[in-house]
Structure formats: C-alpha cells, structure tokens
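This report refers to the structure that appears directly beneath it.
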Amino acid sequence: MRIWLKIVSDNRVLRDTVIEDYSSETRTHKIKKAVEEACRAFDLSLPIWYRKNISEFKRHSRCRFTKDNFIDELCFDYLEMQVIEED
C-alpha cells in the first residue's frame, strides 16, 4: 500500500510524503501508521478522526484534515491523505 499525504495552503502543496507499507497488517492499521509517520515527519500533532473523515475515506480512499481535526494552530489549510496504490 502506498499513501500520499500532503500539506496544502492556498491551493499549493507545501510539503508532501509518500508512505509505503507492504506488511501483512490490516488496511486500517497501515493507514493509522502512515498518518502517524507523516505527522511525525511534518512535526504535527495527530489529527482527530471524525465520522465525516472516516466516511469520506471509505468512499473515496482519501480525506482532508482541516483545522477542526487538530488541537494545535495550523499554518496551512489542510492535510490531505490519499491511497495511491493498494496491495
């Protein structure tokens, strides 16, 4: 599985990373680990997953985390996560 995470502000990608995980773990665990790894790399707190995020991710294999998903102040518009390759 490959997951692309990017920080976007004013419709421009400020930072991005691709996390690869070909382990035998479940899809949910791979996604959770990818978000944790990207947030560590971007020096962000972990986002809060709301039902809206989960629903959006299940339907489209992508979702956005806005300022409402973070406890800290953000200097960008949103963090977007997208699955670009499934196992």
Regarding the range 46-53, can at least one residue be identified that is on the phi > 0 side of the Ramachandran plot and not aromatic (Phe, Trp, Tyr)? no
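Hey, can you tell me all the residues within the range 36-54 that are among the charged types (D, E, K, R) and closer than 19 Å to Asp21 by Cα?
Residues of the range 36-54 that are among the charged types (D, E, K, R), as a first pass: 36-37, 40, 43, 51-52.
Within the range 36-54, Glu36, Glu37, Arg40 meet the criteria.
Which one is farthest from Glu86 (Cα to Cα), of the residues in the range 6-35 that are in a helix (DSSP H, G or I) and open to solvent by less than 80 Å² (accessible area, probe 1.4 Å)?
Start the filter on the range 6-35 by keeping residues that are in a helix (DSSP H, G or I), which leaves 27-35.
Then keep just the ones that are open to solvent by less than 80 Å² (accessible area, probe 1.4 Å); that gives 30-31, 34-35.
Details: Lys30: 11, Ile31: 11, Ala34: 13, Val35: 16 Å.
For the range 6-35, the residue satisfying everything is Val35.
Here is a check on your reading of the model: is Leu79 touching a residue at least 60 places away in the same chain (Cβ under 8 Å) and within 12 Å of the chain's Cα centre (by Cα)? Let's see the steps before the verdict.
Details: touching a residue at least 60 places away in the same chain (Cβ under 8 Å): yes; within 12 Å of the chain's Cα centre (by Cα): yes.
It is true that Leu79 is touching a residue at least 60 places away in the same chain (Cβ under 8 Å) and within 12 Å of the chain's Cα centre (by Cα).
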Looking at (1) assigned to a helix (DSSP H, G or I); (2) under 17 Å from Ile3 (Cα atoms), which is the only condition Lys52 fails? (2)
Looking at (1) in contact with a Leu (Cβ under 9 Å, 6 or more places away or on another chain); (2) within 13 Å of Leu5 (Cβ to Cβ); (3) of a type in the set (Phe, Trp, Tyr), can you tell me which one Tyr78 breaks? (1)
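For the range 55-64, name all the residues that are surrounded by fewer than 14 Cβ atoms within 10 Å (Cβ to Cβ), farther than 17 Å from Arg2 by Cα and of a type outside the set (S, T, N, Q). Walk me through it before giving the result.
Quick first cut of the range 55-64, residues surrounded by fewer than 14 Cβ atoms within 10 Å (Cβ to Cβ) only: 55, 58-60.
Subset that is farther than 17 Å from Arg2 by Cα: 55, 59.
Passing the criteria: only Arg59.
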Would it be correct to say that Lys67 is basic (Lys, Arg), free of Cβ contacts under 8 Å to residues at least 60 places away in the same chain and either at positive phi or open to solvent by 40 Å² or more (accessible area, probe 1.4 Å) (or both)? yes
Which one is least open to solvent (accessible area, probe 1.4 Å), of the residues in the range 36-54 that are over 18 Å from Val8 (Cβ atoms) and in contact (Cβ under 8 Å) with a residue 12 or more places away in the chain? Ile48
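Tally the residues that are in a helix (DSSP H, G or I) and either aromatic (Phe, Trp, Tyr) or more than 21 Å from Asp43 (Cα to Cα) (or both), restricting the search to the range 55-83. Before you say what the answer is, go through the steps one by one.
Here is the first cut: in the range 55-83, the ones in a helix (DSSP H, G or I) are 55-60, 67-69.
Adding the requirement that they be either aromatic (Phe, Trp, Tyr) or more than 21 Å from Asp43 (Cα to Cα) (or both) leaves 55-60.
Looking only at that region, the number is 6.
The values are calculated or read from the model by the stated rules, or taken from the named source; none is laboratory data. Everything numeric here is computed off the predicted structure, so don't read it as measured data. No Cβ is skipped: glycine too gets one built from the backbone with ideal geometry, and neighbour counts run over all protein chains shown. Remember, those area values only see protein heavy atoms, side chains included, never the ligands or the DNA or RNA. Shrake-Rupley method; radii C 1.70, N 1.55, O 1.52, S 1.80 Å.
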